[in-house]
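The values are calculated or read from the model by the stated rules, or taken from the named source; none is laboratory data. If you're wondering where the values come from, they're calculated on a predicted model, not measured in any experiment. Note: ideal-geometry Cβ built from the backbone for every residue, glycine included; neighbour counts use all protein chains shown.
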Amino acid sequence: MKKYRLIPIALAFGLVLISCQAAPEISEIDPETSAIVKETPVEAENIAVLPIETAVPPTQPPPTEPSPTITPEPTIPLEPDSNRIPSTDLFTLFSEEPVIYHNDSAEVPMHLAFPGAVVYHDNLFHMFHNELEWWPAQVHTFYSTSPDGRNWTRATDEPLFLGEALNALYTAYVSSVLVEEDGTWVLYFYTVDNPVGWEAITQGSIGRATAPAPTGPWVADDKMVLTAGKQGTWDSFCVQNPSVVRTETEYVMYYTGYSERQAAIGMATSPDGIEWTKNEEPIFTRSGESGSWDNAFMIDPRVILTPDGWVMLYSRSYKVGAHGPYGIAVSSDRINWKRSDEPVASGENVGPFIWAANLLYHDNTYFIYVQSGQVSGRGSDLSSSIESPEADWNIYLLTHEGSLWQ
């Protein structure tokens, strides 16, 4: 087992990274009015689409003793007189140092660590983290465990697998994990089918892989479980960032969808985690409130069930492919959401730059794992910074104990 060691963090400026691996020349746009590029539809025969008002049947209450990856239905109602969740100092940085450092001791040294997928199971926290030598490069998925969610140990210095092993044309990012009742481990991932050019933003799907144990062997399904919509739909470019919750009656997936006019968060449901039915329209879009911090593209959902209800961590973006600060939202019906009045994870409490994040709830505590870093030298924006072999991006932890309403 390898313990982490401190890697000095250098300076960087700007914030531009291509979430669907979009080309660096994409300019800033108004997500309501400005087109990006002519659409390239990607269709799938196995994905149905239902109107939003009929796509989501009500869930049944879970048993008193749910399995480790089924969390209880909400017991604390949303406050009807509150439009926003007060979020000032809601989450606290656990340490000024990362809880997981990128692995520069592997055969191919890594410089970027993403908190890909995390779950609590069998008295341990498990994280599958995506790591890269630099961007864009092949994704290496590593596996670590923790007894408390704060102190982590790598299972191995070498990756479990590379993204190209998940039936991706180029590579894939692990995004969500759950454990079935029969002990099968399930990872949901999204693909990057082309590392450069406009094809990078118009091609990419969501897939599924299974294994008998977290260390593998991992086998990807023969076909993707969710793909981009038809031309003219809200998610016609690509789909990414799956976050899957298993309830007592079905599976629920939240994901980012891109079209020529917007990036928004959609939802799909499934009886088995394999065949999915999309909601016809996105369920989480820009706030529409002038001057609000999240009146922009909405991306990168991380959704869990807790006593507070359905809880979503989400990111704001003013540019296609770029990430910004993260906020938190709560819902009693998983479609209509109350948002935080300010970000809960940003350059102010993690910083200076943050990128990917993930959310977990265990033992009355919320855990936000967030990627943050700085680099020196290669330009005034983030995309040029992360292309540098000197890039230094690690995983930090924010926590909150108790209800989000306190």
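Scan the strands (runs of 3 or more DSSP E) fully inside segment 265-378 and keep the ones with 2 or more residues being surrounded by fewer than 21 Cβ atoms within 10 Å (Cβ to Cβ).
Numbers: elements: 277-279, 297-306, 309-317, 326-331, 338-340, 354-362, 365-374.
Output list reads 277-279, 354-362, 365-374.
Looking at this structure, is TRP405 more than 22 Å from MET267 (Cβ to Cβ), at pLDDT below 95, surrounded by 22 or more Cβ atoms within 10 Å (Cβ to Cβ) and of a type in the set (Phe, Trp, Tyr)?
On the way: more than 22 Å from MET267 (Cβ to Cβ): yes; at pLDDT below 95: yes; surrounded by 22 or more Cβ atoms within 10 Å (Cβ to Cβ): no; of a type in the set (Phe, Trp, Tyr): yes.
Spelling it out, it is not the case that TRP405 is more than 22 Å from MET267 (Cβ to Cβ), at pLDDT below 95, surrounded by 22 or more Cβ atoms within 10 Å (Cβ to Cβ) and of a type in the set (Phe, Trp, Tyr).
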What residue, of SER243, SER270, SER292, is out of contact with any helix residue (DSSP H, G or I) (no Cβ under 6 Å at 6 or more places or on another chain) and modelled with pLDDT under 95? SER292
Residue that is surrounded by the most Cβ atoms within 10 Å (Cβ to Cβ) [pool: residues in segment 188-229 that are at pLDDT below 95 and touching an Asp or Glu at 6+ places or on another chain (Cβ under 8 Å)]: GLY204
What's the total number of residues in segment 229-258 that are aromatic (Phe, Trp, Tyr) and in contact with a Leu (Cβ under 9 Å, 6 or more places away or on another chain)? 2
A careful count of residues in segment 135-156 that are crowded, with 19+ Cβ neighbours inside 10 Å, more than 20 Å from ASN241 (Cα to Cα) and of a type outside the set (Gly, Ala, Ser) gives 2
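Only residues that are under 15 Å from PRO282 (Cβ atoms), modelled with pLDDT of 95 or more and not small (Gly, Ala, Ser): list them for segment 246-264, please. Can you show your working first?
Applying the first criterion (under 15 Å from PRO282 (Cβ atoms)) to segment 246-264 yields 252-264.
Retained after the next criterion (residues that are modelled with pLDDT of 95 or more): 252-257, 264.
Residues satisfying the conditions are VAL252, MET253, TYR254, TYR255, THR256.
I'd like to know if segment 155-170 contains one or more residues that are aromatic (Phe, Trp, Tyr), out of contact with any Lys or Arg (no Cβ under 8 Å at 6 or more places or on another chain) and over 25 Å from LEU398 (Cβ atoms).
So the first thing to find is which residues in segment 155-170 are aromatic (Phe, Trp, Tyr), and the list is 161, 170.
Okay, now just the ones that are also out of contact with any Lys or Arg (no Cβ under 8 Å at 6 or more places or on another chain), so 161, 170.
Filter again for over 25 Å from LEU398 (Cβ atoms), leaving 161, 170.
Yes; the residues of segment 155-170 include at least one that is aromatic (Phe, Trp, Tyr), out of contact with any Lys or Arg (no Cβ under 8 Å at 6 or more places or on another chain) and over 25 Å from LEU398 (Cβ atoms).
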May I ask you to list the residues in segment 224-242 that are touching a Pro at 6+ places or on another chain (Cβ under 6 Å) and of a type in the set (S, T, N, Q)? GLN231, SER236
